[in-house]
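The values are calculated or read from the model by the stated rules, or taken from the named source; none is laboratory data. These figures come from a predicted structure and were not determined experimentally. Don't worry about glycine lacking a Cβ; one is built from the backbone with ideal geometry, like all the others, and counts go over all protein chains shown.
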Amino acid sequence: MAGPGCLQGHVVGRVAFVFAAYAQSFDDENPLNGLAVGERPDPDVPDGWTTVAVRATTLNHHDLWTLRGVGMRADQLPMILGCDAAGVTDDGTEVVVHSVISSPDWLGDETLDPKRSLLSERYPGTLAARVAVPRRNLVPKPAELSFEEAACLPTAWLTAYRMLFTQAQLRPGSTVLVQGAGGGVATALITLGAAAGLRVWVTSRDFAKAERALDLGAAAVFGSGERLPERVDAVMETVGAATWQHSIRSLRPGGTLVVSGATSGRVAETELARLFFLQLRVLGSTMGTRDELARLLAFCARTGVRPVIDRTLPLADAREGFAAMAEGNVFGKIVVLPSSG
Ligand SMILES: NC(=O)c1ccc[n+]([C@@H]2O[C@H](COP(=O)([O-])OP(=O)(O)OC[C@H]3O[C@@H](n4cnc5c(N)ncnc54)[C@H](OP(=O)(O)O)[C@@H]3O)[C@@H](O)[C@H]2O)c1
């Protein structure tokens with residue numbers, strides 16, 4: 001069997017294997033207990049699908065939820081983790097993978113297909129030397145972006161793009177509050193928002209991370225829950241229970257709250273009178289469409305905006321990255337390289 005020094009995969013008898021990071025069990029308290037890094041059988045390639053040699057992938061909080069057993073059943077284990085991939089197809093085309101897998105007959109916005117899944121939910125994920133994906137989920141990688149940069153975009157950055165521009169429909173000059181500074185989605189919201197001419201205000205639990213948000217283009221930073229100097233046009237929420245009340249209180253009349261995550265807790269009280277009296281809009285948001293991913297890639301290629309990368313690790317050391325993410329000790333994306341041992 002190949003070790004981590006020979007990571008592109010190999011064949012034993014008639015079964016091919018790939019080196020991968022995968023969930024082998026669930027542990028709500030200590031999600032890293034269920035993480036394994038080793039060899040898995042090559043993914044199946046159904047009709048209409050193809051394989052991509054993964055050059056770079058990244059970690060997302062989604063992988064920690066999987067290791068906790070959120071949204072997965074035990075009979076789906078073991079499951080290769082990972083939602084993001086940039087890589088190369090068999091014919092040498094450089095691609096980015098759109099991770100939202102919709103039904104074969106689904107037309108239109110893939111995120112609205114009730115049967116959709118993300119890679120690593122129903123089909124093996126991207127934290128592997130090779131991943132199988134529907135051909136229609138391949139998006140050309142712009143030459144301006146490295147594989148590492150491109151791999152940051154399909155989940156956290158796509159989610160941020162849709163929150164800001166599709167759901168909140170923010171215009172240059174508007175003020176947006178981003179709850180949290182260091183996360184993959186938070187750093188994307190700050191960077192994309194600033195590049196699009198928004199006045200971006202940011203909260204964080206951590207003074208050092210708040211300072212770094214200023215370097216990304218934030219106009220002002222605040223401690224978590226701190227009163228703002230004025231109310232904002234929109235709030236981008238991924239933190240959940242810990243910041244929800246502050247998010248609702250921070251909106252101007254007619255303002256928009258977009259929520260795509262609840263890291264600190266899924267249940268929070270809402271003062272309903274504030275919702276209707278101030279005519280607030282609360283919108284859920286999940287991932288983005290293939291078209292939005294193509295536009296995000298073009299935006300980055302044209303503007304010079306690049307994802308914030310916290311660190312880059314070989315796949316064999318993925319556990320180090322998961323530990324940092326579980327501790328909240330991250331600023332930006334953790335990139336993982338399957339082919340460096
Ligand atoms: N719906 C979707 O399609 C979608 C897509 C991507 C992500 N998500 C969800 O969005 C969330 C963030 O994902 P991610 O990948 O960006 O995760 P991450 O990299 O681990 O980021 C966590 C973020 O949450 C903040 N945070 C965590 N606990 C907090 C607390 N108690 N109080 C205040 N801030 C807190 C952190 O801010 P500081 O450390 O700066 O304070 C950081 O910005 C996750 O729940 C994820 O599942 C959803």
Exercise. Report those strands (runs of 3 or more DSSP E) wholly inside region 1-73 carrying at least 3 residues which are modelled with pLDDT of 95 or more.
Key: 15-23, 35-41, 49-58
Exercise. Kindly check whether there is at least one residue in region 222-238 that is near the ligand (Cβ under 10 Å from one of its atoms), farther than 25 Å from Gln279 by Cα and either in contact with a strand residue (DSSP E or B) (Cβ under 9 Å, 6 or more places away or on another chain) or at pLDDT below 95 (or both).
Key: yes
Quiz item: Looking only at region 150-167, which residues are within 11 Å of the ligand (Cβ to nearest atom) and in contact with a Lys or Arg (Cβ under 6 Å, 6 or more places away or on another chain)?
Solution: Cys152
Exercise. Tell me which of these Val88 doesn't satisfy, since it passes every other one: (1) part of a helix (DSSP H, G or I); (2) in contact with a helix residue (DSSP H, G or I) (Cβ under 9 Å, 6 or more places away or on another chain).
Key: (1)
Quiz item: When you go through Val330, Val335 one by one, which is the residue that is within 12 Å of the ligand (Cβ to nearest atom) and either assigned to a loop (DSSP other than H, G, I, E, B) or under 15 Å from the mean Cα position of the chain (by Cα) (or both)?
Solution: Val330
Quiz prompt | Among (1) closer than 27 Å to Ala196 by Cα; (2) in a loop (DSSP other than H, G, I, E, B), the one test that Ala301 misses | solution = (2)
Exercise. Within region 139-180, track down each residue that is surrounded by fewer than 20 Cβ atoms within 10 Å (Cβ to Cβ) and in a loop (DSSP other than H, G, I, E, B).
Key: Pro142, Ala143, Glu144, Ser146, Gln169, Arg171, Pro172, Gly173
